[in-house]
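Taking it in order: structure first as structure tokens, then the write-up.
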Amino acid sequence: MKRFTLAPIALMACFSFLTMPEINAQEMGNLETYAENQLGEAVEPVIKLFGSLAGAGFVNTADLHGIAGFEIGIRGNLSFVPGEYKDSGPLDGVDVVGLPFLQASVGLPANLEITGRVFSLAVSDDTDGNVTVVGGLVKYGLFQAPLLPKVSLVAGYHALVTPEDYDFGTFNVMSLKAFVSHNFLVFTVYGGAGIDRASSKITIEDSGNYPGGFEKTYSESGANGTFGLTISPFPFIKANADYSFGDFKSLSLGLAFSFR
């Protein structure tokens, strides 16, 4: 009977991501206060942060849905800010940042599955506008034999659109990863590793440090690993949690209706 309580607990946990601590919105819109030789150091952790938020939590098994099989649900990603980034800059004093997602997947022929996810969320009371996330993923079943561990390759792209008040432009995040999983009755254990590459164009208007203005695209790449657990407390319902480790550690929770 206890296992049937996991679904509502996971649901409440996912929605708790809607009220995560804020990044420093004023710093995100005042990059002109940094000299050009300091700017890269200031924007590096922010680009890595959004790469971590977008690149995590989009897989809960390496198994594929069959043709016309589908899954729809909610996900929440929580990234923990390393200590060296908390003392200054846009992440000053911030311990964690989270984003929720609405996510849907559908199975296709040729061992393929596609996934889309989207959400829009106000990240601060101090600025107008939301961070809007739109992402797409393709999963290819490299090894899908019955009764054996499944192996899949995943390629993804996310665009994170920031408020106009920010000097950061749209964050573009590309991911390439491999996952393996194995099913044990109502449990699935999974893990994976890969690379996320995030970039953003910084645009600063004419100011004291930047006479005539400034524009440059910065990018950061990072390898990471993931391990997690998915449970099906009753037919067609899946709840999962996973932990990712890299430059930024992250925790992801999900709850979905899945028809394989």
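Quick one: what do you get for region 96-204 if you divide its Cα Rg by 2.2 N^0.38 Å?
Against the empirical 2.2 N^0.38 Å value, I get 1.32 for region 96-204.
How much area per residue is accessible in the chain when the probe is 1.4 Å and only protein heavy atoms are counted (Å²)?
On a per-residue basis, the chain sits at 47 Å².
How do 147-157, 161-171 rank on mean C-beta neighbours within 10 Å, highest first?
So the peptides 147-157, 161-171, ranked by packing, come out 161-171, 147-157.
In whole Hz and in residue order, list the ³J(HN,Hα) couplings for region 142-149 that follow from phi through the Karplus curve 6.51 cos²θ - 1.76 cosθ + 1.60, θ = phi - 60°; x for Gly and Pro.
3J(HN,Hα) across region 142-149, in whole Hz: 6, 9, 9, 5, x, 6, 10, x.
Could you work out the relative contact order of region 60-114? I mean the mean sequence separation of Cα pairs under 8 Å and 6+ apart, divided by the number of residues, in percent.
RCO, region 60-114: 47 percent.
Ignoring any ligand, DNA or RNA, what whole percent of the accessible area of region 174-229 comes from carbon and sulfur when the probe is 1.4 angstrom?
62 percent
How far, in degrees from 0 to 90, does helix 6-15 lean away from the longest principal axis of the Cα atoms of the chain, to the nearest 10?
20 degrees
With Cβ to Cβ distances under 13 Å as the rule, what net charge do the other residues near Q103 carry (K, R +1; D, E -1)?
Result for the neighbourhood of Q103: +2.
Relative to the longest principal axis of the C-alpha atoms of the chain, give the angle of the C-alpha long axis of helix 36-55, reported between 0 and 90° and rounded to the nearest 10°.
Its long axis makes an angle of about 20 degrees.
For the chain, just the Cα atoms, rotate onto the principal axes and tell me the three extents in Å, largest first.
Result, largest extent first: 64, 37, 29 Å.
Please report the net charge: other residues with Cβ closer than 9 Å to the Cβ of E205, K and R +1, D and E -1.
Details: positive: none; negative: E32, D167, D206.
Its environment carries a net charge of -3.
Which residue, N111, N209, N183, has the most motion in a Gaussian network model of the chain that connects Cα atoms within less than 10 Å?
Of N111, N209, N183, the Gaussian network model singles out N209 as fluctuating most.
What value, in deg cm²/dmol to 500, does the helix sum -39500 (n - 2.57) over DSSP H runs of n ≥ 4 give at 222 nm once divided by the residues of the chain? List each step's numbers first, then the result.
Details: 3 runs with 34 residues, N = 260.
Mean residue ellipticity, 222 nm, calculated: -4000 deg cm²/dmol.
Take every Cα pair under 8 Å in the chain that's 6+ residues apart, average their separations, divide by the length, and report that relative contact order as a whole percent.
23 percent
The values are calculated or read from the model by the stated rules, or taken from the named source; none is laboratory data. No experiment lies behind these values; they were computed from the predicted model shown. We place every Cβ from the backbone using ideal geometry, glycine too, and count neighbours over all the protein chains shown. Heavy atoms of the whole protein, side chains included, go into the accessibility calculation; ligands, DNA and RNA do not. Shrake-Rupley method; radii C 1.70, N 1.55, O 1.52, S 1.80 Å.
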